[in-house]
Amino acid sequence: MSDLPTDVAADVQPFRSGFVALFGRPNVGKSTLLNKMLGQKVSITSDKPQTTRHQVRGVRTTAAWQIVFVDTPGVGKPRSELGRKLNATAREASGDVDLVCFVVDARTGYGRGDAFLAAQLDPSRLIVVLNKIDGMDREHIGRQLAAVAPLDALAYVPLSARTGRGVPELVEEVASRLPEGPHWYPSEQISDRPEPWWVAELVREQLLRMTRDELPHSIATRVTNWEETPKGPIIRVEILVERESQKGIVIGKGGEVLKQVGIKSRRQMPPGTFLDLQVSVEKNWHHDADAVVDLGY
């Protein structure tokens, strides 16, 4: 035991840092969990598959450690070039980190799809996160924990990303297992994504929430122009769909859908921001490898 006073001993502890992937099937709540752990929204959320399409890094820093969380696309059976690309993105992220938080939906339970993904993970770097336990009693949670126990992970953490129950315990568990390391990002930085990307994502998030179920995979967004003015930025966002009929759905009767998307997106942006939303058709873009790459996926 150290003879130094507690406050001095704490000062000489080595700084710890590391990269931690959030990995799992679609719609298990990885992005919601990331936002809750950071206390700030850095990744969009919806109940649609493939909402997350990039590796999104969220950074949490204290005086003792820095965790770089990597949100990844949900891994499922690919039905398009986009799906194959997103699966590859997620697997790449999970293979090049210090720890993997394997997120499982406690409501649907640990299933064959989860088992298929878990078999690809290294137990020596694995923390199993049992999400969506809100409203569940101890007996139900116990059964779900028993189902994942054979994975031989470092730890098992039941939690609710929506309510925050169990989230501090997960952060503590992750931090306790970080190796010694540097500040990978400045202490004040929360995410690695540039502002134009974030604006395009906010628009896509609102489109996912307002359009029909058949549209999410067919929608992409990108900023095509950004002009700073004394009153605030003027930002043009292009919304890509695959068919003319989808263009009408996105615009809505009398332009109402597009209007509401703009209003709800601007609420999450600095005051004075002007959004110019344009809808374009690029046929079957998410089945086209070149188009998928051109859109940054």
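Every read-out reported here was derived from the displayed coordinates using simple, explicitly stated rules and does not represent laboratory data. Keep in mind the model is a prediction, meaning the values are calculated, not measured. Ideal geometry is used to build each Cβ from the backbone, glycine not excepted, and the neighbour counts take in all protein chains shown.
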Percentage of interatomic Cα-Cα distances in the stretch 195-294 larger than 19 Å = 39
When only DSSP loop residues count, what trypsin sites (Lys or Arg not before Pro) in the stretch 250-297 have their Cβ near at most 15 other Cβ atoms within 10 Å?
-> R267, K283
Just name one of V104, P194, V261: the one whose Cα is farthest towards the positive end of the charge dipole of the chain (beta-carbon charges, Lys/Arg +1, Asp/Glu -1).
-> V261
Mean ellipticity per residue at 222 nm, deg cm²/dmol - from DSSP H runs of n ≥ 4 across the chain, formula -39500 (n - 2.57) | -9500 deg cm²/dmol
Could you tell me which helices of the chain pass both thresholds, a Cα extent of 30 Å or more along their own axis and a mean Kyte-Doolittle hydropathy of at least 0.5, with helices taken as whole DSSP H runs?
-> none
Starting from the Cα of R243, step 7 Å along the direction of its Cβ; do the same at Q13; then give the gap between the two resulting points in nm.
-> 5.8
If you build a Gaussian network model of the chain, linking Cα atoms that sit under 10 Å apart, which residue out of S218, S124, S31 swings the most?
-> S124
Taking Cα pairs closer than 8 Å and at least 6 residues apart, the relative contact order of the chain in percent is 18
In terms of the charge dipole of the chain, which places +1 on Lys and Arg and -1 on Asp and Glu at the beta carbon, the residue among T61, Y156, V279 farthest towards the positive end is V279
Could you give the size of the charge dipole of the chain about its Cα centre, using +1 on the Cβ of each K and R and -1 on the Cβ of each D and E, expressed in debye and rounded to the nearest 20?
-> 1140
